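Engineer: Below is a structure I'd like to ask you about.
Each value in this text was obtained by applying a stated rule to the coordinates, not by laboratory testing. Since this is a predicted model, take the numbers as computed values, not measurements. Don't worry about glycine lacking a Cβ; one is built from the backbone with ideal geometry, like all the others, and counts go over all protein chains shown.
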Amino acid sequence: MSLAQLKDELIAYSKTIGVDKIGFASADPFLQLKDRLLIQQELGYQSGFEEPDIEKRVQPGKLVEGARTIISIALAYPSKMKDPPKSTREDRRGIFCRASWGKDYHDVLRERLKKIEEFLEERLPESRTISMVDTGELSDRAVAERAGIGWSGKNCAIITPEFGSYVYLGEVVTTIPFEPDTPITEQCGTCNKCVDACPTGALIQGGQLDSNKCIAFLTQTKNFLPDQYRKKLGNRLYGCDTCQQVCPENKGKDFHIHPEMEPDSEIAKPKLIPLLTMSNREFKEKFGHVSGSWRGKKPIQRNAIIALAHFKDKKALPVLIDLLKKDPRPVIRGTAAWAIGEIGSLEEHNILNNAKNAEKDDDVVREIEKGLNLIENKH
């Protein structure tokens, strides 16, 4: 069998296992990406979640000796929820980003990639392969761009002509020398909507992101959220979709192809107050299968507290006061104190004062003082 035939067979097979788009790229070093990554590093724009060794990120040959091809796959996910629950005054709700709506995409893509690896190994047993999704060394987006899956948008997402940017990406590095596909020309043109709409100014310019300002990154951090970003968070619990929502290429794009990606609305858009008292076990049982749970419950609970402050939800005060007095985690106590200040009045001023006198943690004391100032400024 020729390599061209094998490629055609693999493309046909990929459709039968639920791959929406497949592309082939050479495994040559990503030299342009290397330059970009070095600049990002110099500017301090990296999030810290990336592979620290830049050479591994740009040299596929360091991952598989004799690597010749990278096979990129894309799976489309939904952008709209069927019958989404309303966030009401009685029951305020938070939101998980669309990429965390269904089953954890790492698991979904790994299943597909494993089948592709097995398909290739069965036909060419001497070939070597390795696959990865998101947390691997390579840049999924750089691979997808080179493989003709889509172009790299100004919002730093891969934009496909068929599905917009609502796609999950993964890749297989192989020693099989497939004919590479042609990259798609960048089509953002003069459009700058994503850069203009970014809530925190994290998109410095088209294609350049300061990860440390990005709400998607900030929602995953575990410490106190810096003051300047709290009001920007809104009711986001995990991730941010703003730069995708404003993109004209995503207009009308909503695909419900894969049942495992369908959101459970009570998980994707959960009630905020019940989140605050969940045990670890309850959190794992309810949210453990979605990608947004990977950092555990603390960041989600911190974000839920900030969301309740955003809504000025007075019904949350009893549980926030309880967290301030009893929660063992300084970040939760302190964020609760700040939120009490955002929501409360003179009655809560006394509660915060008493808590300040009893508090041993300096960071929490500072947050209590912020809460006290917020109440004082209202009166």
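Engineer: How much net charge surrounds Leu113 when only the other residues with a Cβ under 12 Å from the Cβ of Leu113 are counted, with Lys and Arg +1 and Asp and Glu -1?
Structural biologist: Result for the local shell: -3.
Engineer: Could you rank the peptides 28-41, 337-350 by their average count of other C-beta atoms within 10 Å per residue, with the highest value first?
Structural biologist: 337-350, 28-41
Engineer: Summing -39500 (n - 2.57) over the DSSP H runs of n ≥ 4 in the chain and dividing by its residue number, what mean residue ellipticity at 222 nm do you reach, to the nearest 500 deg cm²/dmol?
Structural biologist: The per-residue figure over the chain is -12500 deg cm²/dmol.
Engineer: Let me ask something else. For each cysteine in the chain, check whether another cysteine's C-beta sits under 4.7 Å from its C-beta; list those where none does.
Structural biologist: Cys97, Cys156, Cys188, Cys191, Cys198, Cys214, Cys240, Cys247
Engineer: Okay, next question. Determine the percent antiparallel among the DSSP beta bridges restricted to the chain, to the nearest 5.
Structural biologist: DSSP beta bridges in the chain are roughly 90 percent antiparallel.
Engineer: Along the charge dipole of region 193-378, which of Ala316, His256, Gly239 sits closest to the positive end, that is, farthest toward it, with unit charges on the beta carbon of Lys, Arg, Asp and Glu (+1, +1, -1, -1)?
Structural biologist: Ala316
Engineer: If you take Cα extents along the principal axes in Å from the coordinates, which of (1) 79, 43, 39; (2) 63, 52, 39; (3) 67, 58, 47 do you get?
Structural biologist: The listed entry that was calculated here is (1).
Engineer: Tally Lys/Arg at +1 and Asp/Glu at -1 over every other residue whose Cβ is under 13 Å from the Cβ of Pro318; what's the total? Walk me through the intermediate numbers first.
Structural biologist: Working: positive: Lys314, Lys315, Lys325, Lys326; negative: Asp313, Asp322, Glu347, Glu348.
Spelling it out: positives minus negatives among the neighbours equals 0.
Engineer: With +1 on the Cβ of every Lys and Arg and -1 on the Cβ of every Asp and Glu, and nothing else charged, how large is the dipole of the chain about its Cα centre, in debye rounded to the nearest 20?
Structural biologist: For this selection, approximately 1420 debye.
Engineer: Can you give me the angle between helix 346-358 and the longest principal axis of the chain, using Cα atoms only, in degrees from 0 to 90, rounded to the nearest 10?
Structural biologist: Orientation of helix 346-358: about 80 degrees from the principal axis.
Engineer: Related question: State to the nearest 20 debye the size of the charge dipole of region 22-74 about its Cα centre, where the only charges are +1 on K and R beta carbons and -1 on D and E beta carbons.
Structural biologist: 140
Engineer: Relative to the longest principal axis of the C-alpha atoms of the chain, give the angle of the C-alpha long axis of helix 362-378, reported between 0 and 90° and rounded to the nearest 10°.
Structural biologist: Here the helix axis deviates by roughly 60 degrees.
Engineer: To continue, here is another question. Distance between the C-alpha centers of region 187-236 and region 1-60? Whole Å please.
Structural biologist: Going from one Cα centre to the other spans 25 Å.
Engineer: Separate question: Report, in cubic angstrom per residue, the convex hull volume of the C-alpha atoms of region 193-378.
Structural biologist: 133
Engineer: Per the Kirkwood formula on distinct C-alpha pairs, the Rh of region 204-298 is how many angstrom?
Structural biologist: Computed over region 204-298, the radius equals 15.6 Å.
Engineer: Is there a quick way to get the dipole size of region 193-378? I mean about its Cα centre, with the Cβ of Lys and Arg at +1 and of Asp and Glu at -1; what is the value in debye to the nearest 20?
Structural biologist: Charge dipole, region 193-378, about its Cα centre: 140 debye, nearest 20.
Engineer: If you don't mind, another one. Once you place label points 7 Å from the Cα toward the Cβ at Lys314 and Asn377, how far apart are they in nm?
Structural biologist: 2.1
Engineer: Which of the listed residues, Ile273, Ile340, Pro328, is farthest toward the dipole's positive end in region 193-378, when Lys, Arg count +1 and Asp, Glu count -1 at the beta-carbon?
Structural biologist: Farthest along the dipole direction, towards plus: Pro328.
Engineer: Another question, then. Using the alpha-carbon atoms, what tilt in degrees (0 to 90, nearest 10) does helix 105-123 show relative to the longest principal axis of the chain?
Structural biologist: 20
Engineer: Name the residue farthest towards the positive end of the dipole of the chain from the options Ile116, Pro85, Ile351, assuming +1 on Cβ of Lys and Arg, -1 on Cβ of Asp and Glu, about the Cα centre.
Structural biologist: Ile351
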